[in-house]
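Comments concern the structure below.
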Amino acid sequence: MSDQYQKLAQFYDSFVSKNRNYDEIATELSEIIGDYRDLLDIGIGTGLVVEHLLQIEPSYNITGIDTSESLLEEAQKRLGQKVDLYCQSVSELNIGKKFDVAYSRGGAWTFVSDESETMLASHILSSVDIQKSFDCVAKHLKEGGVLIISSSNAYGDNLVELDNGIIHKRIASTELIENERYAILDYLFYQNEELLAQQTLKLKLLSHETYTTMLEKAGFIEKDIKPGKYNIYSKN
């Protein structure tokens, strides 16, 4: 399993925290979750969202999956035994549990917008596997369960100063490859003009019509949209 974040793991918390308010993220999520308690975090990363969710409601039973062993190691350090962690792809999800709520804050899928449309961006590069990912999540949700997919601002150019004088630069572009659209994200980290690390991530972009059809095929119906925040679906 490819670990796209291996080169970024040591900087991950620092650069994502510069772009995201995790108190606000966790509060919004907990309001959507309501009285549900069994949660699946798809793409848990280093566990920052879960850490804040558990501060709000310690009784959450949270399972986290990620394809990055390096990020999961950081999550284990942060969360200890509070959360069950699995190194699994969501398109091959098989952990023998069912959940009230599954959510993705960019780990597997997120929504991004340009001037003309909202698209689903996915680290999963095969349309077949994206469909499998929705199918697998549906199988791991209880009847009437909820799927929450966030919107993201992490797909434009960016330049921020991190701790210890480290500069993080993100360069975003879009490519059309065999009539399929992809977002290309270059992450670079400098200190005193020396390049410390570089990683390029590729994400598949799907139109509203395409991702809606996929979700419906997996048994999800649109429940609510919070523009620029979340799309919420319920399992039939």
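Below, the figures for the structure above:
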item	result
Residue match in segment 72-87 (condition: in contact with a Gly (Cβ under 6 Å, 6 or more places away or on another chain), within 30 Å of residue 127 (Cα to Cα) and at pLDDT below 95)	yes
Filter result (crowded, with 22+ Cβ neighbours inside 10 Å, over 20 Å from residue 69 (Cα atoms) and touching a helix residue (DSSP H, G or I) at 6+ places or on another chain (Cβ under 8 Å)) within segment 86-135	101, 102, 119, 120, 130, 134
Checklist (1) free of Cβ contacts under 8 Å to residues at least 24 places away in the same chain; (2) part of a strand (DSSP E or B) applied to residue 212, failing item	(2)
Complete set of residues in segment 139-159 that are closer than 30 Å to residue 232 by Cβ and more than 17 Å from the chain's Cα centre (by Cα)	139, 140, 141, 142, 143, 144, 145, 157, 158
Considering residues of segment 181-208 that are acidic (Asp, Glu) and more than 21 Å from the chain's Cα centre (by Cα) only, the residue farthest from residue 129 (Cα to Cα)	193
Listing of strands (runs of 3 or more DSSP E) fully contained in segment 86-204 that carry 1 or more residues being acidic (Asp, Glu)	99-104, 141-150, 158-161, 166-177, 180-191
Number of the exception - residue 147 against (1) closer than 30 Å to residue 100 by Cβ; (2) in contact with a Phe, Trp or Tyr (Cβ under 6 Å, 6 or more places away or on another chain); (3) surrounded by fewer than 16 Cβ atoms within 10 Å (Cβ to Cβ)	(3)
Residue that is surrounded by the most Cβ atoms within 10 Å (Cβ to Cβ), among those in segment 42-85 that are among the small types (Gly, Ala, Ser) and not in a helix (DSSP H, G or I)	47
Among residues of segment 21-48, those that are without any contact (Cβ under 8 Å) to a residue 24 or more places away in the chain and at positive phi, counted	1
Verdict on residue 148 being among the aliphatic types (A, V, I, L, M) and modelled with pLDDT under 95	no
Residue tally, condition of a type in the set (Phe, Trp, Tyr) and modelled with pLDDT of 95 or more, over segment 180-236	3
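Let's see how each residue does on (1) among the aromatic types (Phe, Trp, Tyr); (2) within 29 Å of residue 212 (Cα to Cα); (3) in contact (Cβ under 8 Å) with a residue 24 or more places away in the chain; (4) touching a strand residue (DSSP E or B) at 6+ places or on another chain (Cβ under 7 Å):
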{"site": "50", "(1), (2), (3), (4)": "no, yes, yes, yes"}
{"site": "57", "(1), (2), (3), (4)": "no, no, yes, no"}
{"site": "73", "(1), (2), (3), (4)": "no, no, yes, no"}
{"site": "133", "(1), (2), (3), (4)": "no, yes, yes, no"}
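The values are calculated or read from the model by the stated rules, or taken from the named source; none is laboratory data. All values derive from a computational prediction rather than experimental measurement. As a convention, Cβ positions derive from the backbone with ideal geometry for all residues, glycine included, and neighbour counts pool all protein chains shown.
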